[in-house]
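Bear in mind that the values in this text are calculations on the coordinates, not laboratory data. Since we're looking at a predicted model, the values are computed, not measured. Counting neighbours? That spans all protein chains shown, and the Cβs are built from the backbone with ideal geometry, glycine included.
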């Protein structure tokens, strides 16, 4: 067997052995009986139709926000189909966002005012989700100024655009903000306090006067906050912000990753303090970061990037701060929830949020998370979560009712789980016999390890196997485990064909 094949098989052996290690879960937190807990559904505001997740993305500005009529009808559908709105202990909520730099002050004020009107009319709690840095194509006054754009090296080479991987192909959006530039910091403070925070506080005052204060679910001050990668080169960014902190190529920080993590954490805090300064209590403000679990990262083939870089300088500790609670994306992945619990324990078991998620392993299809919706919710609400924000309700409209995201979010099993929570009943965590592709993959790789070396000794088989092994290796390195399983299946079929 040629050396590249031997190397890949060896890497997969490590991957298989470690992935088969068992996962243990900590005991559930005691219920917090002093605060309302919110089961929320994201209502998208990046296009005139809330069934469109992010309208006008890429290098184009987001579209106008939906009208109050559109928003109200969307919320009515959620309320009607679930059939319950809860009470002062467990409430149904809707979270409106993104509120982005692409939206004018007037648009943001109108949206927030409409949201509180909907809250009072439909007796459903409302909250808000701020896009802190991604969508700023309309703000050429900011991103055309090189002082506000990140560098991809110490020489000051400007980011060509930020890369996001939300679809089949990477998408290019406006360049990464330099989080600590003077103009970005000033505009963030202004928008957080004088625009968004002030409007939300006015809405809270209206609810208070009406005796409906628990209809405010909170505000999420980020949209997977991070220092992303440069689109054209894939390089990790943050050098401009480091330079603003006094570092340089000849005087780098002792810990490059740690210093960039501080920059991300400080930017989250800049937003949360701005919102808090408008009068919003810190226990109603949540961060939003996303991370690959350390459990999976440690099983990947050897990489040239650190755990911090892989998570774009936003590993779990970055989500914590004095003026906000932590919040994370929570699409199921092995050991995600235990890692969250461990981090919460280090910070005194504070309340927290699932700022984005649903019971679907991304790219895997329905039923692959290894749990039902009740268990998915229980892994959060039974462990200190105060706000769980479910993504994908209604996305794509009538033509896309059968899409994977909507099947797991709007199916009857999910609706029953929502109703159970809103009745105030305790959610039960159960083990599912359904296995995910992440659980199936190790056994398939192990079989390839056993059978491939002898199979490639036959004439012509090495040439057939080599491109597939290269694809498998690339998929594992890219965390694309669904693709890895598909390639593994192809290899096994090839081996079986003799």
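Using Cα centres only, tell me the gap between the stretch 302-351 and the stretch 140-211 in whole Å.
The distance from the Cα centre of the stretch 302-351 to that of the stretch 140-211 comes to 22 Å.
Relative to the present Cα-Cα distance, how much length would full extension add between residue 209 and residue 49 at 0.36 nm per residue of separation?
Contour length minus Cα-Cα distance gives 54.4 nm.
Fewest Cβ neighbours within 10 Å first, please rank 497, 392 accordingly.
If I rank by nearby Cβ atoms, fewest first, I get 497, 392.
Contour minus end-to-end for residue 298 and residue 76, with contour as 0.36 nm per residue of separation and end-to-end as the Cα-Cα distance?
So the chain would gain 75.5 nm between residue 298 and residue 76.
In nm, give the distance between the simple-model label positions of residue 443 and residue 428, each being 7 Å from the Cα along the Cα-to-Cβ direction.
Going by the 7 Å Cα→Cβ label model, 2.7 nm.
Can you give me the Cα centroid spacing of the stretch 383-417 and the stretch 259-296 in angstrom?
One Cα centre to the other: 26 Å.
Which percent, to the nearest 5, of DSSP beta bridges fully inside the chain are antiparallel?
Numbers: 9 of 40 bridges.
Antiparallel bridges make up about 20 percent of those DSSP assigns within the chain.
Report the full-extension gain for the segment residue 165 to residue 307: residue separation times 0.36 nm, less the Cα-Cα distance, to one decimal in nm.
Separation in residues times 0.36 nm, less the Cα-Cα distance, equals 49.3 nm.
If packing is taken as the average number of other Cβ atoms within 10 Å across a peptide's residues, how do 420-427, 269-276, 233-240 rank, most packed first?
On the way: 420-427: 15.8, 269-276: 23.4, 233-240: 21.1.
Taking the mean over residues of other Cβ atoms within 10 Å, the ranking is 269-276, 233-240, 420-427.
Of the listed peptides 321-327, 449-455, what is their order by residue-averaged count of other C-beta atoms within 10 Å, with the highest listed first?
Packing order, densest peptide first, comes out as 321-327, 449-455.
Go ahead and collect, in residue order, the members of the stretch 155-191 whose backbone nitrogen is under 18 Å from a label point 7 Å along the Cα-Cβ direction of residue 486.
It comes to 165-171, nothing else.
Below 8 Å, C-alpha to C-alpha, sequence gap of six or more: please give me the relative contact order for the chain in percent.
Result for the chain is 17 percent.
Could you rank the peptides 102-109, 221-228 by their average count of other C-beta atoms within 10 Å per residue, with the highest value first?
Per-residue Cβ counts within 10 Å, averaged per peptide and sorted highest first, yield 221-228, 102-109.
For the chain, what is the mean residue ellipticity at 222 nm derived from helices alone (per DSSP H run of n ≥ 4: -39500 (n - 2.57); sum divided by total residues; nearest 500 deg cm²/dmol)?
Computed ellipticity for the chain at 222 nm equals -12500 deg cm²/dmol.
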